[in-house]
Amino acid sequence: MEILQLLIREVKNSDATLSIVPIVGMGGVGKTALAQWLYNDAKVNSCFEKKAWVCVSDVFDVLDITKTILQSIIRSSDDDKDLNKLQVKLMDNLAGKKFLVVLDDIWNEKYEKWTALLKPFEVGAKGSKIIITTRNRNVAFITRASPYHLRELSFDNCISLLAFHALGVTNFESHPAFEIIGKKIAKRCEGLPLAAKMFGGVLRTKSNLDEWEDTLNNKIWDLPTAKNNEVLPILKLSYVHLPSYLKRCFAYCAVFTKDYEIERDELVLLWIAEGFLDGQKANENILKLGWKHFDELVSRSFLQQSSIDATKFSMHDLLNDLAKSILGGTCFSSGGSQVASNEHDVSSLEKTRYASFIPSWFVTSKFLKTYQGMKALRSLILVHDGSSGGSFFISNKVLHDLLTNLKYLRVFSLCHCCIVEVPNCVGDLKHLRYLNFSYTDIKRLP
Ligand SMILES: *[C@@H]1O[C@H](CO)[C@@H](O)[C@H](O)[C@H]1NC(C)=O
């Protein structure tokens with residue numbers, strides 16, 4: 001409520017043009033959820049003329065962030081590589097307007113980068129705000145704004161949340177037998193809503209006390225305690241408790257970037273192409289089986305409905321980390337304006353099964369060199385966030401050189417790419433089961 005008031009309050013003349021609102025707290029405490037709630041609030045909406053949301057994560061690239069903000073503000077693509085030009089354009093579009101920008105999950109502690117990013121924002125109208133979320137206090141310090149520390153849930157709230165996800169009620173009154181053990185489990189959640197949600201998800205399918213005891217006494221808790229950005233033990237535990245048919249379906253999601261918004265049908269088709277679903281055994285329509293698996297992951301909070309686009313789903317950062325840690329060396333992603341480092345030796349490249357690449361504007365062979373070495377690759381997804389507009393280029397030759405090396409591909413997705421013809425060598429990929437050329441300029445199929 002405090003932040004909400006700050007956002008919608010009348011602007012006084014004495015106010016600075018731009019204020020920064022840092023939300024600081026540990027992973028899983030609900031920073032992004034809070035920011036999304038504020039971002040989508042109707043009152044907040046009516047107060048700002050322009051809005052943009054950027055998921056920043058590990059790489060603080062001033063050019064990329066500026067581009068994303070510009071794209072969501074002018075709702076069209078811009079493939080300029082010149083920071084100065086982009087910033088001028090952004091200034092033109094923000095001049096005199098009241099705007100709200102959310103920079104989610106920042107790790108950058110470099111003052112110069114921060115000031116470089118902020119340059120164009122000075123021209124907005126008074127009362128403009130930038131909300132940032134971060135796990136790192138030092139990040140808040142460089143903004144020189146006083147941070148909001150998002151604290152853990154109170155014990156009572158934690159119990160309610162746990163009970164809600166485990167039993168569908170907000171306390172243990174109607175389930176007195178579970179109260180004592182439930183409270184012990186709630187203590188384990190240490191006030192983290194994410195932990196309470198995931199724990200509740202594990203307990204949903206367990207209807208007797210012994211099973212609850214077992215969950216509480218699992219040896220995962222004795223592992224060294226998680227530090228700031230490591231996977232929380234509770235998340236590992238919820239993974240361990242997934243039925244085996246869901247484990248690989250979940251782990252596969254590591255191939256997507258943290259901010260990727262997943263569509264249900266898309267993911268299910270990828271699972272099918274990978275051979276994760278065995279419809280014959282279940283004597284069931286395989287697509288329906290996939291939907292069921294998907295819904296089960298949602299009900300256990302491994303996937304959550306996106307609050308930006310309600311038809312899509314997203315995965316909490318920490319769960320994405322968990323999925324990555326499960327797949328280990330078999331999963332790889334890189335991209336943006338960076339070239340994948342070549343420190344991967346050949347043997348580790350050959351272990352890679354699932355890979356994604358985030359193309360920037362023009363994809364040359366230099367960017368894809370690492371991928372060519374992944375001889376046993378099964379999924380290759382070129383993820384480009386088309387929702388903010390923009391597409392990328394890749395030449396037929398580069399594509400050809402890449403695909404002729406990847407003989408075992410089952411999944412190939414190349415969307416929002418400006419190619420006009422399907423490379424012939426696609427025909428040689430005899431294991432291919434999923435091919436997605438959406439939003440390309442391809443005119444006809446060979
Ligand atoms: C193809 O990719 C696009 C963009 O990622 C996605 O929206 C669409 O659902 C995919 N189509 C299928 C059939 O998976």
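Among the listed pairs LYS31/LYS67; LYS184/LYS219; LYS67/LYS407; LYS50/LYS443; LYS110/LYS187; LYS113/LYS197, give every one whose C-alpha distance is greater than 26 Å. Too far apart for the 26 Å limit: LYS67/LYS407; LYS50/LYS443; LYS110/LYS187; LYS113/LYS197. So which lysines pass the test for LYS292, namely a Cα distance under 17 Å, with those fewer than 8 places away in the same chain ruled out? Reachable lysines: LYS247, LYS281, LYS312. Only DSSP H runs of four or more residues enter the estimate; each adds -39500 (n - 2.57), and after division by the residues of the chain the mean residue ellipticity at 222 nm equals -12000 deg cm²/dmol.
Taking the alpha carbon gyration tensor of the chain, multiplying each eigenvalue by 5 and rooting it gives semi-axes of 35, 34, 19 Å, largest first. Only protein heavy atoms count here; on that basis, with a 1.4 Å probe, ILE326 has an accessible area of about 60 Å². Taking 0.36 nm per residue of separation and subtracting the Cα-Cα distance, full extension of the segment from LYS351 to ASP278 would add 23.9 nm. Modelled this way, with points 7 Å down the Cα-to-C-beta line, the labels at LYS288 and ARG137 are 5.6 nm from one another. Within the accessible area of the chain, the carbon and sulfur atoms contribute 51%, probe 1.4 Å, all protein chains present. Simple point charges give the picture: +1 on the Cβ of Lys and Arg, -1 on the Cβ of Asp and Glu, and for the range 95-180 a dipole about the Cα centre of about 800 debye.
Here CYS418 and MET91 are evaluated by their C-beta separation; at R0 = 41 Å the FRET efficiency comes out at 0.90. The largest accessible area among GLU284, GLU122 belongs to the first residue in GLU122, GLU284, and the rest follow in falling order (1.4 Å probe, all chains). Distant-in-sequence amide contacts of SER128, defined by a placed amide H-H separation under 5 Å and a gap of 5 or more residues or a different chain, comprise SER19, PHE99.
The values are calculated or read from the model by the stated rules, or taken from the named source; none is laboratory data. Predicted model, so just to flag it, every value in this text is computed and none were measured. For neighbour counting, all protein chains shown are included, and Cβ atoms are generated from backbone atoms with ideal geometry for every residue, glycine included. For the accessible areas, the whole protein counts, side chains as well, though only heavy atoms, and no ligand, DNA or RNA atoms are used. Shrake-Rupley method; radii C 1.70, N 1.55, O 1.52, S 1.80 Å.
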